[in-house]
Amino acid sequence: MTGSPSGATLVGSLACQRDSFYRKDFETIVLKCDKALKNDNYEIELLDTILFPEGGGQPSDTGKIEVLGSNRTIIVSLVFRSRLRAVHLVDEYVQPGSKVRISIDWDRRLDFMQQHTGQHLLSALLENEWGLKTVSWSMGGVPTPKRSQLGPSDFFNYIEIERKLSKDEVSKLSLLCNRYITVDPQKIEVIERKLDSTGPEVDTSKIPDNYDLEKGTLRTIDIGQLDSNPCCGTHLKNTFQIGSIFISPAQSSVRGSNSRLSFMCGSRVLNYTDSMHSIVNSSKVLLSCGEIDVPQKLKLQRDANQKSVKREQFWMKQAAGSTAENLIGQLGGKKKAHLVMDEYGMPSYISCLQKELASRILLRKLDRYLVVLCGRDKATGAGTVLISSDSCEEIDAVSTKLSKIVSKLKGGTGNKGGKWQGKVTEFGKGEWTTLCQYLCELY
C-alpha cells in the first residue's frame, strides 16, 4: 500500500483498484474534511477507499459513509481525483480521525465494470483484427443534472475509431467478442508497474498530465494474450463476467472519416432487449399488425399524415382568406375589427389569418386601421394575440390594456413594425371572458 505524506493511499493503489471485487463495504479512517469551494458540500479524504474516483472514461462510484459509534449515514454523491488523492463529495461534515464504514452501490459498480472491460475487449479485437486504434471512448447510461431521465438508447457506450466498419465487419466483431465471453473466456489481470521496472514498454501518452507517475502507480489491464493497456479503472476478473455484448450496426461519422461505434454490455443488453420488446409489442397493438410489418405500417402512417397536413394547410389558407375578407368588411366607420376563436384558435391559424389580412390591407391601401386577433386552445389553455395597425400609438395602447387583462400575456412588435404579437402560456380564471367583453365593447 503506497501512502501520501498525510498517510492516504494514493490513486492507483486504492483498495478498489487493487481488487475491484475486494469488498462491498470497508472500514477506514477520515484523514481530512474540508468545505467545498463551489457549493455547500464537504470534501473528505480517507486512509483508503473502495469507491473509485472518476477517471479513464469511467464515472465514479457512489455509496454511503457510516460514522461508527453514531447513527449518522452520509451519502457519497461523487468521488474525484485531485492529483494523487481520492476526494469524496458529501453533504455533511465528518470529524477527521473518525472511524467510518464505506458501502458501495454495487449494481452501479458492476455495470460500469462490464461496460469498461467490454470496451477493452472491443478495442483489443479491433486493433488485432483490423489494425484500428481506439481514438476515444465514452460511457453512456449516466444521468446528469441536465438530463436525469434516460431512454433505452442513452445506455449505449461508444468508441471512436478511424473509419466506419462494414456490416460484415460488425457481424464478425460481434461474433469474436461473444466468443471470448462465452466459449473462450480470458483471464483479466491488473499489473502494477513502475516507470523504471523491467518488462514490456507501456504507452503512457494518454495518462493525465496531473498524475505524477514518479510517485503514483502505473497499472496495466491484461486480457489474456489479447491485450495489455494502461488503465486506472475497475475491471472484471475475466471476460466471461461481461455477460454479453451488443454492437449496433448503426454508426455515426465524426471528425472527417472517423466513426463512432455504439455498444453495450452485461445487464444493459437484457434491459435494452426488454425495452425494445415492450416498444415493439405496443406498436403491434396500435398498428394492428405483426412486428415484421411495423416499419411498413409506420411509413404508410407517415405518408398519410403528410398528405393530411398539406390538405389542412390548403383549407386553413382558404378559411383564413374568407375570414380576412369578413374582417376587411368590418373595418367600416370605426376602422376597427376583432376576432376571437375559443375552440381552434391555434397559433398556426391566427398567424395564417394575419398574413391574409395584411396582404388585403396592402392591396386596398387602407389606413388608420386596427385589428385584434385572439385565439385560445382549450386543450392546453394557451393562447395567441395579434394586433395589426398602421399606428404605433394604437398598438401600444391596446397591447398595454390587454396585458393588464391577461396576466401571462407576453409579446412585442416585430422588426418591421405594424404588428404586435403575443403569447399566453395560460389564461387565468375569468381572463378569457374579460378579454372577449373588452374587445366587443371596443369594436
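Tabulated values for the structure
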quantity: Label-reachable residues, the stretch 258-300, where backbone N falls under 13 Å from a point 7 Å from Ser252's Cα toward its Cβ; calculated: 259-263
quantity: Neighbour-count order for Thr425, Thr384, Thr134, fewest beta carbons within 10 angstrom listed first; calculated: Thr425, Thr134, Thr384
quantity: Val94, Val190 arranged by Cβ crowding within 10 Å, fewest neighbours leading; calculated: Val190, Val94
quantity: Separation in nanometres of the label points that stand 7 Å from Cα toward Cβ, at Glu343 and Val294; calculated: 3.7
quantity: Student exercise, the stretch 255-365 dipole from Lys, Arg, Asp, Glu Cβ charges, in Debye to nearest 20; calculated: 700
quantity: Extension gain, Lys284 back to Arg101 (0.36 nm per residue minus Cα-Cα distance, nm); calculated: 60.8 nm
quantity: Filtered GluC sites (Glu not before Pro), the stretch 1-101: DSSP coil and at most 15 other beta carbons within 10 Å; calculated: Glu92
quantity: Around Glu27: net Lys/Arg minus Asp/Glu count, Cβ-Cβ under 12 Å; calculated: 0
quantity: Equivalent ellipsoid dimensions for the chain as semi-axes, Å, which come from the Cα gyration tensor, largest first; calculated: 63, 31, 20
quantity: Rg/Rh for the stretch 297-355, where both radii come from Cα atoms and Rh is the Kirkwood radius; calculated: 1.17
quantity: Where labels lie 7 Å past Cα in the beta-carbon direction, separation of Asp390 and Glu325 in nm; calculated: 2.3
quantity: Distance-filtered residues of the stretch 20-60 - backbone nitrogen under 13 Å, label point 7 angstrom along Asp91 Cα→Cβ; calculated: 40-42
quantity: Which of Tyr443, Tyr93 has the fewest Cβ neighbours within 10 Å, and the rest in rising order; calculated: Tyr93, Tyr443
quantity: Separation between Cα centres of the stretch 208-263 and the stretch 118-151, rounded to whole Å; calculated: 8
quantity: Approximate spin-label separation Lys419-Arg311, in nm, with each point projected 7 Å along Cα-to-Cβ; calculated: 2.9
quantity: Tensor-based shape of the stretch 339-443 (alpha-carbon gyration tensor, a/c under 1.5 rounded, otherwise prolate or oblate); calculated: prolate
quantity: Estimated FRET transfer efficiency when R0 is 25 angstrom, pair Phe80-Lys133 (beta carbons, to 0.05); calculated: 0.35
quantity: Computed lengthening from Leu175 to Arg368, 0.36 nm per intervening residue step minus Cα-Cα distance; calculated: 61.8 nm
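Rule-based calculations on the coordinates, nothing more; no lab input. Values in this document were obtained by computation on a predicted structure and should not be read as measured data. FYI the Cβ positions are ideal-geometry reconstructions off the backbone, even for glycines, and counts take in every protein chain you see.
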